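Data block below; observations after.
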Amino acid sequence: LAKKKKKPKLLNKFDKTIKAELDAAEKLRKKGKVEEALRAFEALVNQYPQSPRARYGKAQAEDDLAEKMRSNEMLQKAINTYDEVVSLPNVPSDLIKLSLKREADRQQFLGRMRGSLVTLQKLVQLFPSDTSFKNDLGVGYLLIGDNSNAKKVYEEVLSLAPNDGFAKVHYGFILKAENKIAESIPYLKEGLESGDPGTDDGRFYFHLGDALQRMGDKDAYKWYELGYQRGHFASVWQRSLYNVKGLKAQPWWTARETGYTELVKSLEKNWKLIRDEGLAVMDKKRNLFLPEDENLREKGDWSQFTLWQQGRKNENACKSVPKTCALLERFPEATGCRRGQIKYSIMHPGTHVWPHTGPTNCRLRMHLGLVIPKEGCRIRCAQENRSWEEGKVLIFDDSFEHEVWQDAEGYRLIFIVDVWHPELTAQQRRTLPAI
């Protein structure tokens, strides 16, 4: 039999004596009469400043009102009031937990990551044996990019509760980020298998599958399949995590299907100009080409020179290739694509890029061949291999799994132009957050 969840004890001795008044105010809040509830709780706080439950009710009413008014200022008030609850005398521990947990959550919502860390640390200090607060603290560290402190926290949790699925997936996630591929697998796997709350997240399926693929383990696709069944991926092959639902999904596209025929024509017509400007930049030993830094290579040498990033033009870079940039200015579907880039990409012989998936289904990727060796270069997207040709554009959807091999005699130079997915509305193109 499942243990019945104990109802949290929120009233201390004193609050039990004013239970009727507290209940009346709470009833207003539950009915959605937020302003009235707030007035009622404020009156109780004025009358009984030592009452933790009245103070907590006031915080919740402010919290509700902040949501209703969409007011960050009101939300900050609620955060302060949650914090006050804890400093009152004789606060029931369940109430302390609820107050601080909600305070940390609302601080994160406002982007106050450091503040939420302090709140989460307080929870961990007050309730050292409650691993769920340690788990939350680990997430707090991850949100500010402090993986090493997050790692310590999860090591601590796993030493206290070796089967904690939440700690396992997060610990595996951190090991994977440290490129400890083989070590990350059992943690991600067992964490997902635990079915614990907070483990069923697309990122964990994504990274477990990726780790298995890099180890040459075909089980990867079982996890991708499960991630797809759980609704995290659009399909086993299309595994981007920042998506707009319902967009046409296929690995390879023709220019006509995209509707961007003018752009494709312009790239193909001017390919030599684009190539020559790229070669001039390459020769100058000016270190404008930067190595790929997303840890996508198994081996080899792959660098890029970026002209537009997230819809923003790199003015300095464009000074080096002015004609190419002038040419692109006419095509807002590319220069305005805040979920993509425009860049030169050079790949040297002996390079293999792991199977990987782009972050979003909101863009398509055009590859214009500039310098293509006779043989030895190919790209796979989903289940189909293609090769580049000089002066020709290949178009694919990089939210599908793709992989690249460069086993030629000389280098391969292409020009990459990301464009908005053609089915996105003008409104979506304006408002989708950058990636």
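The values are calculated or read from the model by the stated rules, or taken from the named source; none is laboratory data. Please read these numbers as outputs of a predicted model, since none were measured by experiment. Note that each Cβ is placed from the backbone with ideal geometry, even for glycine, and that neighbours are counted across all protein chains shown. Surface areas here come from the heavy atoms of the whole protein model, side chains and all, with no ligands, DNA or RNA. Shrake-Rupley method; radii C 1.70, N 1.55, O 1.52, S 1.80 Å.
A few points about this structure:
- The order of the peptides 270-278, 421-429 by mean Cβ neighbours within 10 Å, most packed first, is 270-278, 421-429.
- Cα-based helix-to-principal-axis angle, 113-126 vs the chain, degrees rounded to 10: 50
- Cys with no candidate disulfide partner in the chain (beta-carbon separation under 4.7 Å rule): Cys337, Cys362, Cys377, Cys381
- Rounded to 10°, Cα long-axis angle of helix 147-160 versus longest principal axis of the chain: 50
- Cβ-Cβ distance of Lys19 and Glu409, R₀ of 56 Å, FRET efficiency by 1/(1 + (r/R0)^6): the value works out to about 0.10.
- Build a GNM of the chain with springs between Cα atoms under 10 Å apart, and of Ala167, Ala211, Ala182 the one that fluctuates most is Ala182.
- Of Lys272/Lys392; Lys180/Lys222; Lys68/Lys97, those spanning more than 23 Å from alpha-carbon to alpha-carbon: Lys68/Lys97
- Label-to-label distance, nm, for residues given as Arg330 and Arg230 (7 Å Cα→Cβ offset): 4.8
- Computed over the chain, the per-residue total of -39500 (n - 2.57) for DSSP H runs of n ≥ 4 gives a 222 nm mean residue ellipticity of -15500 deg cm²/dmol, rounded to 500.
- The chain, relative contact order in percent, only Cα pairs under 8 angstrom and at least six apart counted: 10
- Positive-pole candidate from Gly376, Gly278, Gln60, dipole of the chain, charges at beta carbon: Gln60
- For the residues Phe305, Phe127, a 1.4 Å probe over the protein chains yields an accessible-area ranking, largest first, of Phe127, Phe305.
- Full-extension gain in nm, Ser194 to Gln125, via 0.36 nm per residue minus C-alpha separation: 22.1 nm
- Selected from Met215, Pro251, Gly202, residue furthest toward positive end of dipole (region 194-310; charges at beta carbon): Pro251
- Additional length obtainable on full extension of the chain from Asn316 to Asp293, 0.36 nm per residue less Cα span: 6.2 nm
- The packing ranking of peptides 53-59, 35-41, 11-17, highest mean first, is 53-59, 35-41, 11-17, where packing means the average number of other beta carbon atoms within 10 angstrom of each residue.
- The dipole here belongs to region 13-230: it is taken about the Cα centre, uses +1 on the Cβ of Lys and Arg and -1 on the Cβ of Asp and Glu, and is about 440 debye.
- From phi via Karplus (6.51, -1.76, 1.60), per-residue ³J(HN,Hα) for region 234-248 in Hz, x at Gly/Pro: 5, 6, 4, 8, 9, 10, 5, 10, 10, 10, 10, 5, x, 6, 3
- Among His348, His356, His367, the residue with the largest mean-square fluctuation in a Gaussian network model of the chain, with springs joining Cα atoms closer than 10 Å, is His348.
- Value of Rg to Rh for region 13-230, rounded to two decimals, is 1.09; Kirkwood radius and Rg both from alpha-carbon coordinates.
- Dipole of region 252-431 [Lys/Arg +1, Asp/Glu -1 at C-beta], most positive-end residue of Leu327, Cys337, Thr306: Leu327
- Answer label for percent of Cα pairs over 29 Å apart (calculated), chosen among (i) 59; (ii) 46; (iii) 50: (i)
- Rounded to the nearest 10 degrees, the inclination of helix 131-143 to the longest alpha-carbon principal axis of the chain is 40 degrees.
- Distant-in-sequence amide H partners of Leu307 (H built 1.01 Å from N, under 5 Å): Ile342, Lys343, Tyr344
- Between Ala426 and Gln309, the FRET efficiency estimated from the beta carbon spacing at R0 = 22 angstrom works out to 0.50.
- Charged-residue dipole, Cβ positions (Lys, Arg, Asp, Glu), region 252-431 about Cα centre, Debye nearest 20: 660
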